[in-house]
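All remarks here apply to the structure that follows.
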Amino acid sequence: METQNSKGSGQFASKWGFILACVGSAVGMANVWGFPYKLGSYGGGAFLVAYLIFIVIFSYVGLSAEYAIGRRSKTGTVGSYENAWRSGGKEGIGKFVGWIPLAGSMCIAIGYAVIIAYVLKGWTQSITGSLMTVDTAVWFESFSMNDYSVIPYHLIVVVGTLLTLTLGADSIEKTNKVMMPLFFILFIILAIRVAFLPGAIEGYKFMFTPRWESLMDPMVWIWAMGQAFFSLSVTGSGMIVYGAYLPDSEDIVDGAKNTAIFDTIAAMTAALVIIPACFAYNVDVGAGPGLLFVTLPKILQNMPLGRLFAIILFTAVVFGGVTSLQNMFEVVGESLLYKFPKLKRNIMLVILAVICFGIGINMEPIFKWGPWMDIISIYIIPIGATLGAVSWFWIMKKEDLLDEINKGAKKQQGDLWYNVGKFVYVPFAMILCFVALFMKVAF
């Protein structure tokens, strides 16, 4: 299994290494503060039903198609789009299409690194104990409203994440085999602790009581669809590169199913920490970034062994963030290596560090990276996701896609799989894109 792909980035050595890397890419801030808020605000258990329906559809066709196209072309975003469009006899356009989702990955990485720098600052101050005595709102404002306020943390996040990519698939797999299990263990510990808080039961009721009338509201379905789409990282870019590192013996649809299961468990575990804790202390579940940096630390200050649980919380979120950032960097880096074959991997990593840190350092306050992330989420990412869906199911030759899907498969996929992709998944991606662009919704 340790054969090299065409770019010399290696392959994943085990099925679980691949799945954990993909779950690491998928698990991030969307799970930690996005999912609990949407679950609570858009119908509780009813939202959960809608979300799970979309998770099943998107992992079955969208995620598996991205893995397949990556494995078929043995390279990342740009090369995979070229390959797909060449298969459909439209090679000329295909050379340009992949750059749009790739730009989305790079732009998100720049803003994401800033958020993880905030988390690392929270982790450091949990370790020293100083977080336990501050007014959390004042503390958060002290760095989130000022320029150049988290430079050392920012640099550590960018350089540290890029160091985990030095050996390609091998180092991605090894780091995720450590960070992802720890992410789950740490969040489960927090969820157990939160369960003992007085009033936590109201949070569970809020989460799991289905308000079925909510399902009559089309926007509840749209929010559930958007959350499922981006929680699984089916953005027409991210998962392609991990597919490129898959051996032909792997069952792609099975791998996509496992990624979806663990991503959903991660989202639910985060919700089981955040929603009951917010109810126990009577605070707003929908506070966005403030939830992680103001609300939860305030709750932890009032909790026995709060400092220990603060360390656990921020450690878990750092792991979730770094594994997502890894994927964003690898996507861009792999495409650079594809376009410039003489470029050495280490030089490419230095270039990425300079771009990400050089631009990101000027947007450390929340009023700069917030709008930046909104613009990328509203425009570039939905367009990239739709371009991907159209490329795989409307441009690429059906036989080529099915051949790749069925390599190593225990159960052969045929017309059903393909038609769900073409006539269900692609229209859903388009709907999401139109909602994002015309209603200015950042999913």
Quiz item: Which ones in the stretch 248-267 are out of contact with any Ser or Thr (no Cβ under 7 Å at 6 or more places or on another chain) and touching a residue at least 12 places away in the same chain (Cβ under 8 Å)?
Solution: ASP248, SER249, GLU250, ASP251, ASP254, GLY255, ASN258, PHE262, THR264, ILE265, ALA266
Exercise. Might you check whether a residue that is modelled with pLDDT of 90 or more, assigned to a helix (DSSP H, G or I) and over 29 Å from ALA442 (Cβ atoms) occurs anywhere in the stretch 378-391?
Key: no
Practice problem: Would you please name the residue that is farthest from the chain's Cα centre (by Cα), looking only at residues in the stretch 122-163 that are of a type in the set (D, E, K, R) and more than 21 Å from ILE110 (Cβ to Cβ)? | Solution: ASP135
Quiz item: Which condition number in (1) modelled with pLDDT of 95 or more; (2) within 18 Å of GLY203 (Cα to Cα) is the one that THR315 fails?
Solution: (2)
Practice problem: Determine which single condition VAL354 fails, assuming it passes every other condition in (1) touching a helix residue (DSSP H, G or I) at 6+ places or on another chain (Cβ under 8 Å); (2) open to solvent by 50 Å² or more (accessible area, probe 1.4 Å); (3) farther than 21 Å from ILE192 by Cα. | Solution: (1)
Practice problem: May I ask you to list pairs of residues, at least six apart or on different chains, whose Cβ atoms are under 7 Å apart, with the first in the stretch 299-327 being free of Cβ contacts under 8 Å to residues at least 24 places away in the same chain and the second being open to solvent by less than 30 Å² (accessible area, probe 1.4 Å) and assigned to a helix (DSSP H, G or I)? | Solution: ILE299/ALA277
Exercise. Please verify whether the stretch 230-238 includes one or more residues that are part of a helix (DSSP H, G or I), on the phi < 0 side of the Ramachandran plot, free of Cβ contacts under 8 Å to residues at least 24 places away in the same chain and open to solvent by 10 Å² or more (accessible area, probe 1.4 Å).
Key: no
Practice problem: Would you mind finding the one in TYR112, TYR148 that is exposed (fewer than 15 other Cβ atoms within 10 Å of the Cβ) and aromatic (Phe, Trp, Tyr)? | Solution: TYR148
Quiz item: Across the stretch 167-210, which residue is least open to solvent (accessible area, probe 1.4 Å) among those that are more than 20 Å from the chain's Cα centre (by Cα) and of a type in the set (Ser, Thr, Tyr)?
Solution: TYR204
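The values are calculated or read from the model by the stated rules, or taken from the named source; none is laboratory data. Note that this is a predicted model, so its numbers are computed, not measured. Counting neighbours? That spans all protein chains shown, and the Cβs are built from the backbone with ideal geometry, glycine included. Keep in mind that these areas ignore ligands, DNA and RNA; they rest on the heavy atoms of the full protein, side chains included. Shrake-Rupley method; radii C 1.70, N 1.55, O 1.52, S 1.80 Å.
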